[in-house]
Amino acid sequence: MLRKFFALIILFSAISAHPVIFKNGKVFWLSQNPSFNDIRFGVSKSSNWLIGGRFLEDRKSNETFALINNNYLAKRWNNRNSQANLYLLSSVGLNTKNSKSMGSIGIHGDWEDRRFMVMQMLEYYSHSSALVSNTRLAYSPYTVDYSKTSTWLIAHYRIEYSDNKYSYMLFPVVRLFKKNYLVEIGSNGGNTFLSFMTHF
Amino acid sequence: MKNLLIFILFLSLGFSQSKVSIQDKEIEINENEAVVEVLGMVCSMCAFGIGEGFAKTDFIDKSKFTDGVAVDIDAQYVQLGLLESTNINPEKIVQVIEDAGYDVNLLFILQNEKLTKFSTDKLGILQPIAFNLTSNFDN
């Protein structure tokens, strides 16, 4: 149960986040799914380093966790009409009831232009010794200017390896964003989730 | 007739305007404005960070465009209104773009009726590459 819970945290915490934003920019992010409520706040201290806090609530067990996120943009390739990134991710925190610690490290790579996006992320979690891979392929059926709403259709594929076993999940996601607001809605029949993010 | 000539003379002295080209798009640039080609600006969230950065500076004329900044994501440029009293240091513009996480490829500044074109060299240093008196530049 606990392992599934953390796997869900891993999954849903990673897929929506822009790991680092503009210097002195702030991120506020909310997510809800059948397993947990997740609230994040972060500040980009520079254009390649974001630090923030996160509060998680397990809706089934009523457990809560307080975490610190540390995201580092190791390399960005800015090109005409495209962008690619390589991020290093880490987090550390405590169960607020029993103070048991947890930590994770990860690497995230992506490439996007105005119509297509590819993302790959690998993370390792100390509490469950789990290795998780998240892959995204996304397509925007139309492009819009700065003031209009952009739509992305995303195929998300997740693999988790722990206890010598693999588990797989594929689900579609719709992303809508306009200026500094982003909403994602996903479902694969058995699981649904919503997330909201804003930069300011 | 005399009044018409005075009016035309007034217009010619009071306005400075030119056109520049970025990614094959022709852009009209007026006195006290800058046009910046931003590499990597592929989404509105990217552009939002750039707008926020310029909003905190002391050289943007917020009466122009939207709070002093116009964004074209398709052609990957931002157009800036510059305060008339400020002789802009182009490095300040580049710093805002880099703090947002992006790179400048080309920068045009039209001030004091002089249009200057800058380009970033292979070392990432901004270099003036052409000057002109309000005639057109191509990319």
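Residues in region A:6-16: is at least one within 21 Å of A:LEU131 (Cα to Cα), within 14 Å of chain B (Cβ to nearest Cβ) and either open to solvent by 20 Å² or more (accessible area, probe 1.4 Å) or at pLDDT 90 or above (or both)?
First, pick out the residues of region A:6-16 that are within 21 Å of A:LEU131 (Cα to Cα): A:6-16.
Still in the running and within 14 Å of chain B (Cβ to nearest Cβ): A:16.
Filter again for either open to solvent by 20 Å² or more (accessible area, probe 1.4 Å) or at pLDDT 90 or above (or both), leaving none.
Checked region A:6-16: no residue is within 21 Å of A:LEU131 (Cα to Cα), within 14 Å of chain B (Cβ to nearest Cβ) and either open to solvent by 20 Å² or more (accessible area, probe 1.4 Å) or at pLDDT 90 or above (or both).
Taking the condition of being among the hydrophobic types (A, V, I, L, M, F, W, C) and either assigned to a helix (DSSP H, G or I) or in contact (Cβ under 8 Å) with a residue 40 or more places away in the chain (or both), how many residues in region B:64-75 meet it? Even if it seems obvious, please write down each step before you answer.
Within region B:64-75, the first condition is being among the hydrophobic types (A, V, I, L, M, F, W, C), and the residues that meet it are B:65, B:69-71, B:73, B:75.
With either assigned to a helix (DSSP H, G or I) or in contact (Cβ under 8 Å) with a residue 40 or more places away in the chain (or both) added as a condition, the list becomes B:75.
Within region B:64-75, residues that are among the hydrophobic types (A, V, I, L, M, F, W, C) and either assigned to a helix (DSSP H, G or I) or in contact (Cβ under 8 Å) with a residue 40 or more places away in the chain (or both) number 1.
Just to confirm my filter: which strands (runs of 3 or more DSSP E) fall fully inside region A:90-200 and include at least 1 residues that are surrounded by fewer than 19 Cβ atoms within 10 Å (Cβ to Cβ) and in contact (Cβ under 8 Å) with a residue 24 or more places away in the chain? Give the derivation first.
Values: elements: A:101-113, A:116-125, A:130-139, A:150-162, A:165-178, A:181-187, A:192-199.
Answer list for region A:90-200: A:101-113, A:116-125, A:130-139, A:150-162, A:165-178, A:192-199.
Candidates B:GLN23, B:GLN95: the one that is at pLDDT below 90 and surrounded by fewer than 18 Cβ atoms within 10 Å (Cβ to Cβ) is B:GLN23. When B:LEU80 is tested against (1) part of a loop (DSSP other than H, G, I, E, B); (2) touching a residue at least 24 places away in the same chain (Cβ under 8 Å), exactly one condition is not met: (1). Across region B:53-80, the qualifying residues are those that are facing chain A (nearest Cβ under 9 Å) and open to solvent by less than 10 Å² (accessible area, probe 1.4 Å), and the one among them that is modelled with the lowest pLDDT is B:ILE73. Pairs linking a residue in region B:44-63 that is in contact (Cβ under 8 Å) with a residue 40 or more places away in the chain and farther than 15 Å from A:TYR146 by Cβ to a residue that is among the charged types (D, E, K, R) and open to solvent by less than 40 Å² (accessible area, probe 1.4 Å), with Cβ atoms under 7 Å and 6 or more positions apart or on different chains, do not occur. Of the residues making up region B:29-48, none is more than 9 Å from chain A (Cβ to nearest Cβ), in a loop (DSSP other than H, G, I, E, B) and hydrophobic (A, V, I, L, M, F, W, C).
Is one or more of the residues making up region B:101-120 within 14 Å of chain A (Cβ to nearest Cβ), open to solvent by 30 Å² or more (accessible area, probe 1.4 Å) and in contact (Cβ under 8 Å) with a residue 60 or more places away in the chain? Yes, that holds for at least one residue.
The values are calculated or read from the model by the stated rules, or taken from the named source; none is laboratory data. None of the values given here were measured: they were computed from a predicted structure. Neighbour counts are summed over all protein chains in view; Cβ atoms, including those assigned to glycine, are modelled from backbone coordinates with ideal geometry. In case anyone asks, the SASA skips ligands and DNA or RNA and just uses the protein heavy atoms, side chains included. Shrake-Rupley method; radii C 1.70, N 1.55, O 1.52, S 1.80 Å.
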